[in-house]
Amino acid sequence: MSQDDFWRTTALQDMSEAQWESLCDGCGKCCLIKLQDEDTNDIVFTDIVCDLLDQNNCQCSDYQNRTVRVPDCVKLTPENLQQVNFMPPSCAYRLLHEGHDLPDWHPLRSGGRTAMINARMSVQGRVIAESLYHDDIEERVVAWPLEL
């Protein structure tokens, strides 16, 4: 095990801000619009994405102000991770919180985003911006964000 494998030796709550931020693989799945069943509380993903997401690089175009500009946007922290039940199963924060390792395609393991994109774990080329979609959102439910 390399010293660079900090996620294997450092508890989430003990990570520096830089370590915490580097866990994000930049897939953009957390920016997908989600629906929650009122009866079961089950969450489903759509292929509609927040307007702040730059679809070319899967980065928030206003990361510092995202929670102000989009009130539903959640700033993930070690303290609220347990309550945030809408993160996709491939999310590094969720994986580590549940006791799993990062997948081989994660940029911290592969050295870049290419492996993640090749593994089709990114929203790149698979989504439509929220402001461009005006029909029934339930018609846009997709299963691919749930894939590991």
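The values are calculated or read from the model by the stated rules, or taken from the named source; none is laboratory data. Bear in mind that the values here come from a model prediction, so they are computed numbers and not experimental data. As a convention, Cβ positions derive from the backbone with ideal geometry for all residues, glycine included, and neighbour counts pool all protein chains shown.
If you check every pair at least six apart or on different chains, which have Cβ atoms under 9 Å apart with a residue in region 110-133 that is touching a residue at least 24 places away in the same chain (Cβ under 8 Å) and small (Gly, Ala, Ser) first and a residue that is part of a loop (DSSP other than H, G, I, E, B) and surrounded by fewer than 16 Cβ atoms within 10 Å (Cβ to Cβ) second?
129/51; 131/51
Which of the residues spanning region 12-35 are touching a residue at least 24 places away in the same chain (Cβ under 8 Å), touching a Phe, Trp or Tyr at 6+ places or on another chain (Cβ under 9 Å) and under 27 Å from residue 99 (Cβ atoms)?
12, 15, 20, 22, 23, 24, 25, 29, 30, 32, 34
Which condition number does residue 88 fail, the rest of (1) in a helix (DSSP H, G or I); (2) in contact with a Leu (Cβ under 8 Å, 6 or more places away or on another chain) being met?
Among (1) in a helix (DSSP H, G or I); (2) in contact with a Leu (Cβ under 8 Å, 6 or more places away or on another chain), the lone unmet condition for residue 88 is (1).
Check residue 101 against each of (1) in a loop (DSSP other than H, G, I, E, B); (2) modelled with pLDDT under 95 and name the one condition it does not meet.
Against the list (1) in a loop (DSSP other than H, G, I, E, B); (2) modelled with pLDDT under 95, residue 101 comes up short only on (2).
Can you tell me which of 72, 25 is within 27 Å of residue 125 (Cβ to Cβ), at pLDDT below 95 and touching a His at 6+ places or on another chain (Cβ under 8 Å)?
Being within 27 Å of residue 125 (Cβ to Cβ), at pLDDT below 95 and touching a His at 6+ places or on another chain (Cβ under 8 Å) holds for just one of 72, 25, which is 25.
Can you work out which of the residues in region 124-139 that are within 30 Å of residue 104 (Cβ to Cβ) and out of contact with any Cys (no Cβ under 6 Å at 6 or more places or on another chain) is surrounded by the fewest Cβ atoms within 10 Å (Cβ to Cβ)?
125
State all residues of region 97-113 that are in contact with a Leu (Cβ under 7 Å, 6 or more places away or on another chain) and under 20 Å from residue 43 (Cβ atoms); if no residue qualifies, say none.
Matches in region 97-113: 97 only.
Do we have residue 84 as closer than 29 Å to residue 134 by Cβ, more than 14 Å from the chain's Cα centre (by Cα) and of a type in the set (A, V, I, L, M, F, W, C) here?
It is false that residue 84 is closer than 29 Å to residue 134 by Cβ, more than 14 Å from the chain's Cα centre (by Cα) and of a type in the set (A, V, I, L, M, F, W, C).
For every residue, the table says whether it meets (1) surrounded by 12 or more Cβ atoms within 10 Å (Cβ to Cβ); (2) touching a Cys at 6+ places or on another chain (Cβ under 7 Å); (3) in contact (Cβ under 8 Å) with a residue 60 or more places away in the chain; (4) over 23 Å from residue 106 (Cα atoms).
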position	(1), (2), (3), (4)
40	no, no, no, yes
51	yes, no, yes, yes
69	yes, no, no, yes
74	yes, no, no, no
77	yes, no, no, no
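Mind listing just one residue for me: the one in region 53-67 that is in contact (Cβ under 8 Å) with a residue 24 or more places away in the chain and out of contact with any Gly (no Cβ under 7 Å at 6 or more places or on another chain) and, of those, surrounded by the most Cβ atoms within 10 Å (Cβ to Cβ)?
Residue satisfying both the conditions and the ranking: 60.
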